[in-house]
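Below: one structure, written as structure tokens.
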Amino acid sequence: MGRKKYIFPKSINEDFLVMKRNRNNPFVKNGKVDLDIYLQFLNEVNEFMGHPVKKFVPITGKNFKL
């Protein structure tokens, strides 16, 4: 395979590579998605958009059918 061809000047491509190396997913802790952080984020977004926060209700039951 040949080298990848870039459409931007070398300096911009280097900046993109630095950004890629330093990127961070705030929802991942120790290699796993932290659902508490994700749910907190979703609740804050909903609050920002004016949607009411709904209380979490676990699904209960034994016989689920599609």
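The values are calculated or read from the model by the stated rules, or taken from the named source; none is laboratory data. Note that the structure is a prediction, hence the values are computed from the model and not measured. With ideal geometry, Cβ positions are generated from the backbone for all residues, glycine too; neighbour counts draw on all protein chains shown.
In the stretch 16-41, which residues are among the basic types (Lys, Arg) and loosely packed, with under 10 Cβ neighbours inside 10 Å? Can you show your working first?
So in the stretch 16-41, the residues among the basic types (Lys, Arg) come out as 20-21, 23, 29, 32.
Correct list: Lys20, Arg21, Arg23, Lys32.
Considering only the stretch 15-35, state which residues are assigned to a helix (DSSP H, G or I) and either under 21 Å from Phe56 (Cβ atoms) or touching a residue at least 60 places away in the same chain (Cβ under 8 Å) (or both). Break it down stepwise before answering.
Taking the stretch 15-35 as the starting set, the residues that turn out to be assigned to a helix (DSSP H, G or I) are 15-22, 35.
Once the filter is applied, which keeps residues that are assigned to a helix (DSSP H, G or I) and either under 21 Å from Phe56 (Cβ atoms) or touching a residue at least 60 places away in the same chain (Cβ under 8 Å) (or both), the stretch 15-35 yields only Leu35.
Restricting to the stretch 1-15, give me the number of residues that are surrounded by 10 or more Cβ atoms within 10 Å (Cβ to Cβ) and not hydroxyl-bearing (Ser, Thr, Tyr).
Step one: filter the stretch 1-15 for residues surrounded by 10 or more Cβ atoms within 10 Å (Cβ to Cβ), giving 6, 8, 12-15.
Going one step further and asking which of them are not hydroxyl-bearing (Ser, Thr, Tyr), we end up with 8, 12-15.
Count: 5.
List the residue pairs whose Cβ atoms are under 9 Å apart, where the first residue sits in the stretch 36-54 and is within 13 Å of Pro26 (Cα to Cα), the second is hydrophobic (A, V, I, L, M, F, W, C) and exposed (fewer than 12 other Cβ atoms within 10 Å of the Cβ), and the two are 6 or more positions apart or on different chains.
Every condition considered, the pairs that remain are Leu39/Phe56.
Checking Lys55 against (1) among the basic types (Lys, Arg); (2) surrounded by fewer than 11 Cβ atoms within 10 Å (Cβ to Cβ); (3) modelled with pLDDT of 90 or more: exactly one of these is not met. Which one?
(3)
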